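Enquirer: Following this message is one structure expressed as structure tokens.
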Amino acid sequence: RQPRQLRQVLAPALAGGGKKRSALVASVTDNLGETGFHRFYSIEPGGMRPGLRAYPGIRKTHWAPLEGKQFPAQLMGADAIGTFSADRKDAKREIAVELAKPCSVFVLMDKRTETPDWLRRDFEDTGMTVRSGPWQKESAVISDIQTEPNKRVHVVYSVWRRDVSEAGRIVLGPPRSESEPLCRAMYGIAVTDLKNDRKNAN
């Protein structure tokens, strides 16, 4: 089956309350197909920052810097695409992002996960890190993470980058391989204007 076109903004409560459309991301699709499960990815234009909800449907889990660190400047103000936590289980999931102009695309990958071949091939590890949390203690996502002194639990992500020189469609692969455990967190996605992002990096 062909991938199903997905609505750009999920709902005001999940997409920041605004109706502004992204100038960078034209659409997001996946290979789920018409299964009767009608879900919608969220896109928050300029919304990537500490405190932004990491996954649609998980109210109290937000993006944040590492303890004592600053949130990566290259990610601040990026267009954030809200992926689904449950997709961490799917070794065949693919997400296609239709870019409206040249962009830098960032993938935030759980550091516990063995780097997928598609990520290593198409993206570059920036050396930056972020985290999401706090997670509910009963969540399978954090079953192997030690509780912090403040009794909270966060997931740490490495940040990978790909510069795309023209508008068009790029495909992001599965969050895990067939051999990976199911408890790893789903990756996040952020997109910045390629020209502006180069200025921020200098």
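The values are calculated or read from the model by the stated rules, or taken from the named source; none is laboratory data. Just so it is clear, the model here is predicted, and its values are computed rather than measured. Virtual Cβ from ideal backbone geometry, glycine too; neighbours counted across all protein chains shown. With ligands, DNA and RNA removed, areas are computed over all heavy atoms of the protein, side chains included. Shrake-Rupley method; radii C 1.70, N 1.55, O 1.52, S 1.80 Å.
Enquirer: Could you grab the pairs with beta carbons closer than 6 Å, sequence gap of 6+ or different chains, first residue in the stretch 120-147 and closer than 22 Å to S85 by Cβ, second one open to solvent by 80 Å² or more (accessible area, probe 1.4 Å)?
Expert: That search, which allows pairs on different chains as well, returns P134/R152.
Enquirer: Please determine, by comparing only the residues of the stretch 63-101 that are under 23 Å from P134 (Cα atoms) and of a type in the set (K, R), which one is most open to solvent (accessible area, probe 1.4 Å).
Expert: So, considering only residues that are under 23 Å from P134 (Cα atoms) and of a type in the set (K, R), the one most open to solvent (accessible area, probe 1.4 Å) is K69.
Enquirer: Has the stretch 107-115 got any residue that is touching a Leu at 6+ places or on another chain (Cβ under 7 Å), β-branched (V, I, T) and farther than 24 Å from L52 by Cα?
Expert: The first filter runs over the stretch 107-115 and keeps only residues touching a Leu at 6+ places or on another chain (Cβ under 7 Å), leaving 107, 109.
Next, only the ones that are β-branched (V, I, T) stay: 107.
Filter once more, so that each one left must be farther than 24 Å from L52 by Cα: none.
There is no residue in the stretch 107-115 that is touching a Leu at 6+ places or on another chain (Cβ under 7 Å), β-branched (V, I, T) and farther than 24 Å from L52 by Cα.
Enquirer: Pairs needed: first member in the stretch 61-74, in contact (Cβ under 8 Å) with a residue 40 or more places away in the chain; second member anywhere, among the hydrophobic types (A, V, I, L, M, F, W, C) and open to solvent by 40 Å² or more (accessible area, probe 1.4 Å); C-beta distance under 8 Å; at least 6 residues apart or different chains.
Expert: Final answer for the pair search is L66/V156; Q74/A201.
Enquirer: Would you confirm whether or not the stretch 98-121 contains a residue that is under 18 Å from the mean Cα position of the chain (by Cα) and of a type in the set (G, A, S)?
Expert: So far as the stretch 98-121 goes, yes, one or more of its residues are under 18 Å from the mean Cα position of the chain (by Cα) and of a type in the set (G, A, S).
Enquirer: Also, quick follow-up: For a quick check of your reading of the model, give me the residue pairs whose first member lies in the stretch 100-116 and is farther than 26 Å from A167 by Cα and of a type in the set (D, E), whose second is modelled with pLDDT of 95 or more and outside any loop (DSSP other than H, G, I, E, B), with beta-carbon atoms closer than 6 Å and at least 6 apart or on different chains.
Expert: D110/V155; D110/Y157
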